[in-house]
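Have a look at the structure below before the remarks.
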Amino acid sequence: MSGRKINPWLKLGLELGPVIAFFIAFTRLKDRTVTLGGTEYGGFILATAGFVPLMILSTLILWRLTGKLSPMQIATLVLVTVFGGLSVWFNDERFFKMKPTLIYLLFAGILGFGLLRGKSFLAMVMEEMMPLEHEGWMILTRRLTAFFAGLAVLNEVVWRTMSDQAWVNFKTFGLTAAIFLFFLAQGGLFKKYEVEDKDR
């Protein structure tokens, strides 16, 4: 199922909106605590409690508008719901901070498993948007597998050694910028292995 096209700005807003909302909520609530049922909840947990339902809502709207969700979107939603929920339930922010690590390890593991079988699972997902020769897909998949593994390690280093604010900044802006710059840096590979160029 190819799905329906929607305004790219609307799509971007639905995908990044919850992350930006989490950043704003944490920035405003980071020094506050709320007592519920005799338990004190800090700003990080409060922001997480708002982020999880907002993420679910935005993903459902995206699915309703486009008629489909990518495997990456589904996996992200499941991990956000599970680990965000665990953080709120146990009043422990570590669960939510580990979520990006697990997401990137999951993606690296899936792509790596495909490589071991001589396949590019990335091509199966993105081939319609970006037609490349098989060798190009294999190179890109190897690079992206290493990149995701690196992001997983980096997330662990940041949340374990830096402040909550530093981690929130890293999650909101650093990871997004890193992924954008990664694909920007692959311009030479796209040009070299693009199918259309080879067929001219």
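The values are calculated or read from the model by the stated rules, or taken from the named source; none is laboratory data. Everything numeric in this text was worked out from a predicted model, so none of it was measured. Positions of Cβ are generated from backbone atoms using ideal geometry, with glycine treated the same way; all protein chains shown enter the neighbour counts.
Could you tell me which of the residues 115, 154, 140, 122 is buried (at least 19 other Cβ atoms within 10 Å of the Cβ) and at pLDDT 90 or above?
Residue meeting the stated conditions: 140.
Collect the residues in the range 67-92 that are more than 11 Å from the chain's Cα centre (by Cα) and of a type in the set (Ser, Thr, Tyr), keeping them in residue-number order.
Hits for the range 67-92 are 70, 81, 87.
Listed residues 53, 18; which is in the same structural domain as residue 87 (by TED's automatic domain parsing) and either touching a Leu at 6+ places or on another chain (Cβ under 8 Å) or not in a helix (DSSP H, G or I) (or both)?
18
Which count do you get for residues in the range 81-114 that are of a type in the set (Phe, Trp, Tyr) and either touching an Asp or Glu at 6+ places or on another chain (Cβ under 8 Å) or under 20 Å from residue 59 (Cα atoms) (or both)?
Pass one, the range 81-114, residues of a type in the set (Phe, Trp, Tyr): 83, 89-90, 95-96, 104, 107, 113.
Cutting the leftovers down to either touching an Asp or Glu at 6+ places or on another chain (Cβ under 8 Å) or under 20 Å from residue 59 (Cα atoms) (or both) gives us 83, 96, 104, 107.
Of the residues in that region, 4 qualify.
Going through the range 21-48 one residue at a time, which ones are of a type in the set (A, V, I, L, M) and in a helix (DSSP H, G or I)?
21, 24, 25, 29, 45, 46, 47
Which ones in the range 158-189 are hydroxyl-bearing (Ser, Thr, Tyr) and either touching a residue at least 60 places away in the same chain (Cβ under 8 Å) or not assigned by TED's automatic domain parsing to the domain that holds residue 110 (or both)? Walk me through how you get there before you give the answer.
Restricting attention to the range 158-189, the residues satisfying the condition of being hydroxyl-bearing (Ser, Thr, Tyr) are 161, 163, 172, 176.
Of everything in the range 158-189, those that are hydroxyl-bearing (Ser, Thr, Tyr) and either touching a residue at least 60 places away in the same chain (Cβ under 8 Å) or not assigned by TED's automatic domain parsing to the domain that holds residue 110 (or both) turn out to be 172, 176.
Please enumerate the residues belonging to the range 67-100 that are crowded, with 18+ Cβ neighbours inside 10 Å and among the β-branched types (Val, Ile, Thr).
Of everything in the range 67-100, those that are crowded, with 18+ Cβ neighbours inside 10 Å and among the β-branched types (Val, Ile, Thr) turn out to be 76, 80, 88.
Which ranges mark the helices (runs of 4 or more DSSP H) fully within the range 60-157 that have 1 or more residues being among the charged types (D, E, K, R) and in the same structural domain as residue 175 (by TED's automatic domain parsing)?
Helices (runs of 4 or more DSSP H) meeting the threshold: 94-116.
Which of the numbered conditions does residue 98 fail, given that it passes all the others? Conditions: (1) in contact with a helix residue (DSSP H, G or I) (Cβ under 9 Å, 6 or more places away or on another chain); (2) at positive phi; (3) touching a residue at least 60 places away in the same chain (Cβ under 8 Å).
Going through (1) in contact with a helix residue (DSSP H, G or I) (Cβ under 9 Å, 6 or more places away or on another chain); (2) at positive phi; (3) touching a residue at least 60 places away in the same chain (Cβ under 8 Å) one by one, residue 98 breaks only (2).
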